[in-house]
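Engineer: The structure is given below, and queries will be raised subsequently.
The values are calculated or read from the model by the stated rules, or taken from the named source; none is laboratory data. Just so it is clear, the structure is predicted and the values come from calculations on it, not from any experiment. Note that we place each Cβ from the backbone using ideal geometry, even for glycine, and neighbour counts take in every protein chain shown. Note: accessible area is taken over every heavy atom of the protein model, side chains too, but ligands, DNA and RNA are not part of it. Shrake-Rupley method; radii C 1.70, N 1.55, O 1.52, S 1.80 Å.
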Amino acid sequence: MITEEIFLKDSYLKECDGKVLMCEFTDLTVDKTIFFPTMLGQQNDKGEIVIDGKTFGIVDVWTDGDYIHLISLDTYPENIVGKTISQKLDWDVRHIHMRFRTAMFIISGLAYKFYNAKSRISQTYDDRAWVDIYIDDINEDIVNKIAEEANKIVKQNVPVKIEYMGSNEFPREKQRMSYSTGQLPDDEELRVINISGLPLQSDYGLYVANTGEVGEIEVKSSMVKGKVDKRLTITLK
């Protein structure tokens, strides 16, 4: 990645500067950014950037694998490559996605811990999230138990730690095997999410610092052909 991903180092940083690397109409890339792009089931950040005193709203953020692109509805000025611009997050949007992603991690970890169940963290939205839990014959009692245990972890205000370890270290213990994807990224160094009492997980999404910040978790399921669906919908209070 050529664009430096500041958000992975500090997900609470709300403002930063960056140098323009490329600009075409409403598409701009910078050497470093606080804006999280749409990926890994987490929606992109929104906010604004300031160029020569003029503000441009950021409505979309995406990555091509090397650069992170900041998309505005307004056309950017010409001849700004090399200039330093200011970036500012819409914190409310960022924070709700951090809360939802942390809630999904807790639920997925509990499903693995209690039922040895794999899961697929798929999508956060501004008002909800959902996760698929692969438990045979899942029922409302199981869903309610997971929700109850998740809220216990929330109330305990457990630290959410971000650690880095070599990929050759990660699989040595069963609890450190990837339980959501079934495989690890091809990275020499993995970014690992650690909440005490839950299995470790390699992930590059954004999380809150303590589980208490998540808020009360509500978990709902629907019925498909008379059976409880494996897709759990999550809302927060």
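Engineer: Can you tell me which residues in the stretch 198-218 are in contact (Cβ under 8 Å) with a residue 40 or more places away in the chain, small (Gly, Ala, Ser) and either closer than 20 Å to residue 38 by Cβ or touching a Gly at 6+ places or on another chain (Cβ under 8 Å) (or both)?
Structural biologist: 205
Engineer: Considering (1) within 17 Å of residue 86 (Cβ to Cβ); (2) part of a strand (DSSP E or B); (3) in contact (Cβ under 8 Å) with a residue 24 or more places away in the chain, say which one residue 45 fails and leave the rest.
Structural biologist: (2)
Engineer: Another question about this same structure. Would you check if there is a residue in the stretch 16-26 being open to solvent by less than 70 Å² (accessible area, probe 1.4 Å), outside any strand (DSSP E or B) and of a type in the set (Gly, Ala, Ser)?
Structural biologist: no
Engineer: Now for a different question. Inside the stretch 109-122, can you point out the residues that are surrounded by fewer than 16 Cβ atoms within 10 Å (Cβ to Cβ) and either touching a Gly at 6+ places or on another chain (Cβ under 9 Å) or modelled with pLDDT under 85 (or both)?
Structural biologist: 122
Engineer: Identify, please: which residue in the stretch 179-221 is in a loop (DSSP other than H, G, I, E, B) and aliphatic (A, V, I, L, M) and is, among those, modelled with the lowest pLDDT?
Structural biologist: Among residues in the stretch 179-221 that are in a loop (DSSP other than H, G, I, E, B) and aliphatic (A, V, I, L, M), the one modelled with the lowest pLDDT is 184.
Engineer: Within the stretch 64-107, can you find the residues that are open to solvent by 10 Å² or more (accessible area, probe 1.4 Å), closer than 30 Å to residue 199 by Cα and at pLDDT 95 or above?
Structural biologist: 91, 92, 93, 95, 96, 99
Engineer: Kindly indicate whether residue 35 is closer than 12 Å to residue 71 by Cα and either at pLDDT below 95 or exposed (fewer than 15 other Cβ atoms within 10 Å of the Cβ) (or both).
Structural biologist: The answer is no for residue 35.
Engineer: While we're looking at this one, here's another question. Does any residue in the stretch 66-91 that is hydroxyl-bearing (Ser, Thr, Tyr) come within less than 9 Å, Cβ to Cβ, of a residue that is open to solvent by 10 Å² or more (accessible area, probe 1.4 Å) and assigned to a loop (DSSP other than H, G, I, E, B) six or more places away or on a different chain, and which pairs are these?
Structural biologist: Close Cβ pairs satisfying both conditions: 67/1; 67/2; 72/26; 75/25; 75/26; 76/25; 76/26.
Engineer: Go through the stretch 219-237 and count every residue that is aliphatic (A, V, I, L, M), over 17 Å from residue 118 (Cα atoms) and in contact (Cβ under 8 Å) with a residue 24 or more places away in the chain.
Structural biologist: Count: 3.
Engineer: Separate question: Looking at the stretch 137-163, I want the residues that are surrounded by 14 or more Cβ atoms within 10 Å (Cβ to Cβ) and polar (S, T, N, Q) and have a partner that is in a helix (DSSP H, G or I) and modelled with pLDDT under 95 with Cβ atoms under 7 Å, at least 6 apart or on another chain. Which pairs are those?
Structural biologist: Short answer, once both residue conditions are applied: none.
Engineer: Against the condition among the β-branched types (Val, Ile, Thr) and open to solvent by 10 Å² or more (accessible area, probe 1.4 Å), how does residue 61 come out, does it pass?
Structural biologist: no
Engineer: Checking residue 48 against (1) open to solvent by 50 Å² or more (accessible area, probe 1.4 Å); (2) in contact with a Lys or Arg (Cβ under 7 Å, 6 or more places away or on another chain); (3) farther than 24 Å from residue 208 by Cα, which test does it fail?
Structural biologist: Every condition holds for residue 48 apart from (3).
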